[in-house]
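All remarks here apply to the structure that follows.
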Amino acid sequence: MMPSTSSIIAGEESIVPPVASVSGESSLSDMTQTVHFSSGNPRIGETRGVMHLFPDDAVSSSSSSSSNLPIGRNPLVCVLGVPNHMTYADFCQFCGSFIQHILEMRTVRNDGVENRYSILIRFDSQESTDTFYQHFRGKQFSSLEEDVCRLLFTLDVQFTGYSGSIDHTQPSAAGPIEQPTCPVCLERLDQDTGGILTTMCNHSFHCSCISNWPDSSCPVCRYCQQQPENSVCCVCQTTENLWMCVICGVVGCGRYKGGHARRHWEETEHCYSLELETQRVWDYAGDNYVHRLIQSKTDGKLVELNSHGSLNKDGFGSCEYSDSGISDALLNSKVDMIISEYNELLQAQLENQKQYFEKLLQNVKEETEQKVSEAASKAISQRLQKLQTRFDRCIKEKQFLEDLNDNLVKNKDVWSTKIAGMEEREKNAVQAKEEKIRGLEEQLGKLMAQIDGETESEEVSESKEVKDGTVLPISTNTTSSSASIHVPKKKSNRRKG
């Protein structure tokens, strides 16, 4: 059984999770197709490997009654034949809602296939893998193009070797291995927090970070997966020993091939020409190289050239030293200087990225504070408006109560005056009644005294008459006259009272 691991890494290992033990596992290996691939910047180093894919006809031949998918499949698929003009951001957008189920993606190039690349995708579960396969298999990348998504289940992927000028040794498993960080957001590349995408040049990013990168180049090394077309001489159409005029851009072959680049200089007097292979500029007038920077074959960077350059018979510039030890020392010093410069450049870029995202965070913070301030001011204004309405209503109620109080006070004064007059009149009436009663009592007393006097006088007169023996009859006229005399007297007393 082939070795395997749970993550897509650059090493001489497999990039799929362990395959479940299935009876007839050797038959599964026999029915898969082998595809060779490579990744990395060719100027620095390439990683090569082999993918074992289920063929298109394996879907029907290995299907079961409940599913139309291969038996023994893994949560790993390969998208073959993705057009080079489709950037990483475009592919992430093409995946759509499935991007949250993707743990890792790796971009590779297939041997013998130009202008296209492939992507290995590992999902968090087999269910997500099957759903993605059924949804995107045979789907067009764009409605304006005829290219469709050729999606195959991957049984196993193995790295077979590495070729390059930089040492590519694996870290020791004895000590702790520091988890790499995303060059964009500087956060750890943890699959639990988000998917990881590895570009063609073996640089890894968060899918959410690389989705904001607009072109097909790498944000770190600027390696472009969409390689330019091969240049040819404008006269003889050769592809060897080509030079491009720095002034007008005409491409011609060197003096040891057809000499068309030199002939162009003789005709136009454009003396500076760029060698396309080494990226060095030759001065035809001075017959030497005019710059002190060359592209290093070690890492593809521009390094300083401290010696005089010349042109050999093959048409390539050379740099010779009298002592090989001095040459090695200079080369080592150049490499150290390049590494130091690269580290400084990387640090500066990371600092710029940090400042950029800090600025974004500051803008978001300011926008949030502004929104909070606007919401608070709006709430305060609404509250103030309500309070003002209540205050106006209270003012109106207060004015109404003051008017009512003034009216009540006026009514109180009026009624107080009326009550005082009524009390005075009642008092006067009581006094008049009392005086009248006293007058009547006096009249009554006088009347009673008069009646008593008359009674006594009558008794005395009667007693005298009885004593003398003469009885005189009392006439009715006299009695009625005496009664009529006294009645008016009583009426007159009442009028006085």
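The values are calculated or read from the model by the stated rules, or taken from the named source; none is laboratory data. All values reported here derive from a predicted model rather than from experimental measurement. Note that each Cβ is placed from the backbone with ideal geometry, even for glycine, and that neighbours are counted across all protein chains shown. When the accessible area is computed, the model is the full protein with side chains, heavy atoms only, and any ligands, DNA or RNA have been set aside. Shrake-Rupley method; radii C 1.70, N 1.55, O 1.52, S 1.80 Å.
A few points about this structure:
- Stretching the chain fully between Val220 and Ile395 yields a gain of 55.8 nm (0.36 nm per residue, less the alpha carbon separation).
- Karplus-derived 3J(HN,Hα) values for segment 418-430, using 6.51 cos²θ - 1.76 cosθ + 1.60 with θ = phi - 60°, are 4, 5, 4, x, 4, 4, 5, 5, 5, 5, 5, 5, 5 Hz; glycine and proline are entered as x.
- Segment Asp90..Glu187, full-extension length gain: 32.6 nm, with 0.36 nm per residue of separation and the alpha-carbon distance subtracted.
- Between Thr455 and Gln33, the contour length at 0.36 nm per residue exceeds the alpha carbon distance by 135.1 nm.
- Per-pair calculated FRET efficiency, R0 = 22 Å: Asn115 and Val50 via Cβ, rounded to 0.05: 0.50
- Placing dummy labels 7 Å off each Cα toward the beta-carbon, the span from Ser143 to Ala376 is 4.8 nm.
- 5 angstrom amide H check on Thr181, placed H, neighbours 5+ away: Leu189
- In sequence order, calculated HN-Hα J values of segment 389-399 (Karplus, 6.51, -1.76, 1.60; Hz; x Gly/Pro): 4, 4, 5, 4, 5, 5, 4, 4, 5, 4, 4
- Other-chain or far-sequence residues with amide H under 5 Å of Tyr289's (modelled H): Asp283, Gly309
- These residues, Phe94, Phe357, Phe132, Phe391, go from largest to smallest accessible area, 1.4 Å probe, as Phe391, Phe357, Phe94, Phe132.
- In order through segment 339-349: 3J(HN,Hα) via Karplus (6.51 cos²θ - 1.76 cosθ + 1.60), integer Hz, x for Gly, Pro: 4, 5, 5, 5, 4, 5, 5, 4, 5, 5, 5
- In nm, spacing of pseudo-spin labels at Asp287 and Thr238 (7 Å Cα→C-beta vector): 2.1 nm
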